[in-house]
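Here is the structure we will look at.
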Amino acid sequence: YQFTGVTALTNGRRFTLGTVDRSNTPLPITLLDLKAEALADACAVNIRWTTATELDNELFVVERSTDLNAWATVGELPGVGTSNTVRDYSLPDRETIPGDLYYRLRQVDIDGTMTLSDAVHTHVACRDEPGMEAYPNPTTGQLQVQWRSADTAGRLVLVDAMGRTVRIVSVGRDMERTAVAMEDLPPGLYHLLAEFGGHVASLTVVRS
């Protein structure tokens with residue numbers, strides 16, 4: 001490539017902007033894939049991504065937007081530091097709203113350097129939800145959960161901030177309340193889901 005307007009070089013000499021030492025100037029990750037998949041009738045989205053390589057990768061932050069301008073944090077997953085093998089990641093977003101949603105990754109190095117991915121799009125359609133409330137919230141022990149009576153049996157699912165299911169409570173038909181034990185769980189934010197025949201309600205609870 002020939003640069004115009006460059007006068008400091010003489011005798012037809014050229015230069016290249018770049019590097020021949022990839023080990024000293026590598027990219028933090030090689031991202032193979034990033035997808036946001038709306039879960040049918042669940043009013044939720046599953047964000048999946050795959051890396052081929054990682055270098056000094058501290059963590060991933062998943063961010064959500066409705067307009068590609070304002071972004072909110074959905075959750076975080078730790079990176080593996082340095083890796084040359086394919087790695088798959090997945091993080092659920094259970095606090096969505098109906099409509100068009102955009103997701104992106106914020107990759108953070110161990111030195112705090114951040115890199116943003118391109119945004120991906122999905123559309124969420126929510127069915128009527130079995131309204132739910134939980135108390136006391138925050139709680140140090142048992143969480144009392146109440147919802148509108150459903151015609152089918154279902155379950156309550158407690159998910160931690162890393163997207164891992166930590167508790168499942170089966171719920172019989174026509175039940176309207178039950179208790180979820182949290183005293184043995186570490187303090188932090190959790191997502192509680194009520195699932196009844198394809199209808200899903202969710203809320204955030206705090207173990208203090």
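In the assembled protein chains, S170 presents an accessible area of approximately 100 Å² (probe radius 1.4 Å). Give me log10 I(q)/I(0) at q = 0.20 Å⁻¹ for segment 57-208, Debye formula, one equal scatterer per alpha-carbon, no solvent. Reported log10 I(q)/I(0), two decimals: -1.23. Distant-in-sequence amide contacts of E58, defined by a placed amide H-H separation under 5 Å and a gap of 5 or more residues or a different chain, comprise V108, D109, I110.
For segment 35-116, what is the relative contact order in percent, using Cα pairs closer than 8 Å and at least 6 residues apart in sequence? Intermediate values should be presented prior to the final figure.
Working: 167 pairs, mean separation 30.3, N = 82.
This gives 37 percent for segment 35-116.
Across segment 64-69, computed HN-Hα scalar couplings (Karplus, 6.51 cos²θ - 1.76 cosθ + 1.60, θ = phi - 60°) run 10, 9, 9, 9, 6, 10 Hz from first to last residue, x flagging Gly and Pro.
Give, in nm to one decimal, the length gained when the segment between R106 and A125 is fully stretched (0.36 nm per residue of separation minus the Cα-Cα distance).
On the way: separation 19, 0.36 × 19 = 6.84 nm, distance 2.59 nm.
Stretched fully, the R106-A125 segment lengthens by 4.2 nm.
Compute the relative contact order of segment 28-75 as a whole-number percentage, counting only Cα pairs closer than 8 Å that sit 6 or more residues apart in sequence.
Across segment 28-75, relative contact order equals 32 percent.
Close amide H contacts of A153 (hydrogens built in the peptide plane, cut-off under 5 Å, sequence separation of 5 or more or a different chain): R173.
When you restrict to C-alpha pairs under 8 Å that are six or more residues apart and normalise by the size of segment 61-208, the relative contact order lands at 20 percent. The ellipsoid equivalent to the alpha-carbon distribution of segment 33-78 has semi-axes of 22, 15, 10 angstrom, derived from the gyration tensor eigenvalues as √(5λ) and listed largest first.
Other residues lying with their Cβ under 11 Å from the Cβ of V108 contribute a combined charge of -4, Lys and Arg counting +1, Asp and Glu -1.
The values are calculated or read from the model by the stated rules, or taken from the named source; none is laboratory data. No experiment lies behind these values; they were computed from the predicted model shown. Cβ: placed from backbone, ideal geometry, glycine included. Neighbour counts: every protein chain shown. Just the protein is used for accessible areas: all its heavy atoms, side chains included, with ligands, DNA and RNA removed. Shrake-Rupley method; radii C 1.70, N 1.55, O 1.52, S 1.80 Å.
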